[in-house]
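Report on the following structure.
The values are calculated or read from the model by the stated rules, or taken from the named source; none is laboratory data. The model shown is predicted, which means the values in this text are computed figures rather than measured ones. Counting neighbours? That spans all protein chains shown, and the Cβs are built from the backbone with ideal geometry, glycine included.
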Amino acid sequence: MGSLTGQVALITGAGQGVGLGIATALAKEGVAIAAVGRTLAKVEKAAAELAELGVEARAYELDVLDIDRIKPTVDRVAEDFGGLDILVNNAYTGHLGKLLELDDAAFQKGFVSGPFATFAAMKAAHPHLVARGGGNIVNVVTSAMVRWDPTGYGAYAAAKQGVKAVSRTAAAEWAADGIRVNAIAPHALSPALKWWTANYPDEAAEFVKSIPMGYIGECEPDIGRAVVALVGTDLRYMTGAVLPLDGGQAYFG
């Protein structure tokens, strides 16, 4: 167990993929986990697995598209665990496709689950983080924001750009409260990416070729461990940043 022992983290989309990878890495550092997700069975299973690592872990059902339920869920987590130190906004529901193929509802869904939900969760978490003397917020964005060819990724990239902007602003406005806010842009072998790889092997192979390190990251060792570093004391002076976790593929400038 490390310096994070005894802290409490709320992670959305924690039932699988990147969210579960982050939760697992934090739990191995002694962080108690509130595993939040829209499918209760998945987060219950995740919480049971995390508890086997020797930390308190509880499951909470929440679809981040239901904005009105975000604050009550955050408040409940803080009450159940006695506080909150880390918020990870990972859950996202949106659509890919060329702009003329997307209707208004499809385009808007990414903004609701992206910047709208992230904003709501951050505001709800703020007083709880302040009560503990500060804390960390990590928001998940994407290298699609700077993709060399954004065709088919426009709605996704636009929503995540909103998350990036909110993250940067909160980092500036809440630094005096002891709260650091950063974003990560991961490539990881999530269930969705595994499905894409299996169903579009040629396209996936070309994608991997464009990654200088030659592989797609693993959810815990490549993404989760980076988050452990990001919320730890070694990077205490970093805030307002986007951390690329994509094997060197994207150029953020």
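Out of all the residues in the range 10-32, which are of a type outside the set (A, V, I, L, M, F, W, C) and either buried (at least 24 other Cβ atoms within 10 Å of the Cβ) or at pLDDT below 95 (or both)? Listed by number, the residues that qualify are THR12, GLY13, GLY15, GLY19, GLY21. Just one residue in the set GLY97, GLY82 is modelled with pLDDT under 95 and farther than 19 Å from VAL227 by Cβ; that residue is GLY97. Scanning the range 119-154 for residues that are farther than 12 Å from ALA185 by Cα and under 14 Å from the mean Cα position of the chain (by Cα) yields a count of 5.
Any residue in the range 180-192 that is closer than 27 Å to LEU4 by Cα, surrounded by fewer than 22 Cβ atoms within 10 Å (Cβ to Cβ) and of a type in the set (Lys, Arg)? No, the conditions are met nowhere in the range 180-192. Look through the range 116-148, keep the residues that are part of a loop (DSSP other than H, G, I, E, B) and touching a Lys or Arg at 6+ places or on another chain (Cβ under 6 Å), and return whichever of them is nearest to ILE67 (Cα to Cα). Result: VAL141. The residues in the range 1-53 that are part of a loop (DSSP other than H, G, I, E, B), of a type outside the set (Ser, Thr, Tyr), over 20 Å from ASP222 (Cα atoms) and touching a residue at least 12 places away in the same chain (Cβ under 8 Å) can be counted, and the count is 3.
Across the range 136-170, the qualifying residues are those that are without any contact (Cβ under 8 Å) to a residue 60 or more places away in the chain and within 19 Å of LEU230 (Cα to Cα), and the one among them that is surrounded by the fewest Cβ atoms within 10 Å (Cβ to Cβ) is ALA165.
Looking at ALA78, ALA41, ALA106, can you tell me which residue is touching a Pro at 6+ places or on another chain (Cβ under 9 Å), surrounded by fewer than 24 Cβ atoms within 10 Å (Cβ to Cβ) and aliphatic (A, V, I, L, M)?
Numbers: ALA41 fails: touching a Pro at 6+ places or on another chain (Cβ under 9 Å); ALA106 fails: touching a Pro at 6+ places or on another chain (Cβ under 9 Å).
Being touching a Pro at 6+ places or on another chain (Cβ under 9 Å), surrounded by fewer than 24 Cβ atoms within 10 Å (Cβ to Cβ) and aliphatic (A, V, I, L, M) holds for just one of ALA78, ALA41, ALA106, which is ALA78.
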